[in-house]
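For reference, the structure I am asking about is given below.
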Amino acid sequence: MKTIQVRVSSGAYTVNIGADYKLIGHRLRELGCSGKVSIVSDTNVFPIYGGDLSDSLEKKGFEVHYTILDAGEEYKTLSTVESLYKAFHLQGLTRSDTILALGGGVVGDITGFAAGTYLRGIPYVQVPTTLLAQIDSSVGGKTGVDTGDGKNLVGMFNQPMDVLIDPAFLDTLSLSIRADGMAEAIKYGLIRDDGLYKRILRGIDQDEMETLIYDCVSIKNAIVAQDEFDQGERMILNFGHTIGHAVEKCGNYNLYTHGQAVAIGMVYAAAIGEKLQITPAGTKDRIVQVLQKNGLPTETTLTPEQIFEALGSDKKKSGSHIQFILLERVGKAVIVPIETYKLKELLQFM
Ligand SMILES: NC(=O)c1ccc[n+]([C@@H]2O[C@H](COP(=O)([O-])OP(=O)(O)OC[C@H]3O[C@@H](n4cnc5c(N)ncnc54)[C@H](O)[C@@H]3O)[C@@H](O)[C@H]2O)c1
Ligand SMILES: [Zn+2]
């Protein structure tokens, strides 16, 4: 097992990579937890892993409660959060108890937000079960829900007290959900670590997953440590996401998954960077190669006009500029303000 210490102004905690989730009870005792543990999970994850996780907690003397949410982004809403408050109340949770998120990014984001707001904050731990959640959403403290007006519009920074990552969870992921996580892993390589990019291009075996997760979390941690509240450097984590979000939106969130949309967004960002002569020629082709190898799309039937229209409500749009993330090379990202009208032209060059 490898650990990464996260130290931010709002908390310090450990990310345990290669941990065994069946030893969660022992870990929570180590952290000084006592009393109740309230597990929040979803209808796909709990039936596979909930039993062993609960057993481990009960063996260590915890009083275990659980709430199983309907799986899916469409349930990442305030009304689900409200149902959690109700459950926490019925379970009689107090601030000396612990909440545990067992699931992908949806469960993690909802639970982190509910934990941060119920009784003005109950400590919570993240036990992420998708690759995306293990390398991205469970670290950094962003939590929240979607509203009818857009994704992640309501939320808070709420750091967990511990993150326990067991790569064994990945064995039951569908190929497409695993590929979504790989899109984010590829992103980390592209923005920060060309060695990581090269390793992913060669292919990641099952026994290399733990190292891959470690490298990705290390990169996210280093970036978040510099910019906890997302006001500058942290924006580079959005490489591929400006256009990715637009692509997701154009497809009404059911044509492309997040990872697929980000893959397309990264190809666009490389094409735009090459056109502006910030990104070396040939970079786009290198990105296409690694994405294809991981079963991710590299082009779309959506038109540049459709994508541009969908950019309108993007959070990163400020005034007549969009803060765009481009690659100076594979392994180094830069933030470049691009005028909106110019972006419209640049989108034609894919
Ligand atoms: N907080 C952050 O910093 C941050 C960062 C990136 C993404 N996110 C959020 O994360 C969410 C996406 O997360 P996700 O991709 O993990 O989606 P998800 O939580 O919806 O999980 C995807 C699917 O896989 C299932 N699943 C989860 N683990 C499984 C396992 N081990 N075996 C079998 N099935 C399993 C889930 O039930 C779900 O159906 C989005 O809501 C996004 O906004 C948050
Ligand atoms: Zn993403």
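The values are calculated or read from the model by the stated rules, or taken from the named source; none is laboratory data. Everything numeric here is computed off the predicted structure, so don't read it as measured data. So basically every Cβ, Gly included, is an ideal-geometry build from the backbone, and we count neighbours across all protein chains shown. These area figures cover heavy atoms from the full protein model, side chains too; ligands, DNA and RNA do not enter into them. Shrake-Rupley method; radii C 1.70, N 1.55, O 1.52, S 1.80 Å.
State the percentage of accessible surface on region 9-60 attributable to carbon and sulfur atoms; use a 1.4 Å probe and exclude ligands, DNA and RNA.
That fraction is 49 percent.
Keeping the other protein chains in place, figure out the carbon and sulfur percent of the accessible area of region 204-291, with a 1.4 Å probe.
43
While we're looking at this one, here's another question. Amide H to amide H, which residues 5 or more places from ASP42 or on other chains are under 5 Å from it, using H placed in the peptide plane?
Under 5 Å from the amide H of ASP42 lie the amide H atoms of LEU69, each far enough along the sequence or on another chain.
Quick one: which residues, 5+ away or cross-chain, put their amide H under 5 Å from the amide H of CYS33? H built at 1.01 Å from N.
Answer set, sorted by chain and number: none.
Next question, about the same structure. Nearest 5 percent is fine: what portion of the DSSP beta bridges confined to the chain is antiparallel?
Counting only bridges with both partners in the chain, antiparallel ones make up about 50 percent.
Let me know the Kirkwood hydrodynamic radius for the chain, please, with Cα pairs as the basis and the value in Å to one decimal.
Answer for the chain: a Kirkwood hydrodynamic radius of 20.6 Å.
Suppose every Lys and Arg Cβ carries +1 and every Asp and Glu Cβ carries -1, with no other charges. What dipole size does region 211-318 come out with about its Cα centre, to the nearest 20 debye?
100
Report the number of Lys pairs in region 12-120 whose alpha-carbons are under 17 Å apart, with separation of 8 or more residues or on distinct chains.
Lysine pairs satisfying the spacing and distance rule in region 12-120 number 6.
Give the average over all directions of the projected area of the C-alpha convex hull of region 2-117, one decimal, in nm².
Mean projected area for region 2-117: 7.4 nm², to one decimal.
Right, another one. What are the radius of gyration and Dmax of region 53-120, computed over its Cα atoms and given in Å?
Using the Cα atoms of region 53-120, the pair Rg, Dmax is 12.1, 35 Å.
When only alpha-carbon atoms count, how far does region 150-294 stretch along each of its three principal axes, as whole angstroms with the largest first?
44, 37, 33
Could you point to the residue in LEU90, SER79, GLY112 farthest towards the positive end of region 70-124's charge dipole, with +1 and -1 charges on the Cβ of Lys/Arg and Asp/Glu respectively?
LEU90
List the equivalent ellipsoid semi-axes of region 147-222 in whole Å, largest first, each obtained as the square root of 5λ for an eigenvalue λ of the Cα gyration tensor.
They are 24, 16, 15 Å, listed from largest to smallest.
Could you rank ARG178, ARG329 by how accessible they are, 1.4 Å probe, largest area first?
If we order ARG178, ARG329 from most to least accessible, we get ARG329, ARG178.
Okay, helix-only estimate at 222 nm for the chain: each DSSP H run of n ≥ 4 adds -39500 (n - 2.57), divide by all residues, round to 500 deg cm²/dmol; what do you get?
About -12500 deg cm²/dmol.
Which pairs, out of LYS187/LYS220; LYS2/LYS142; LYS151/LYS220; LYS275/LYS332; LYS2/LYS198; LYS2/LYS332, put more than 19 Å between their alpha-carbon atoms?
Violating the 19 Å Cα-Cα cut-off are LYS2/LYS142; LYS151/LYS220; LYS2/LYS198; LYS2/LYS332.
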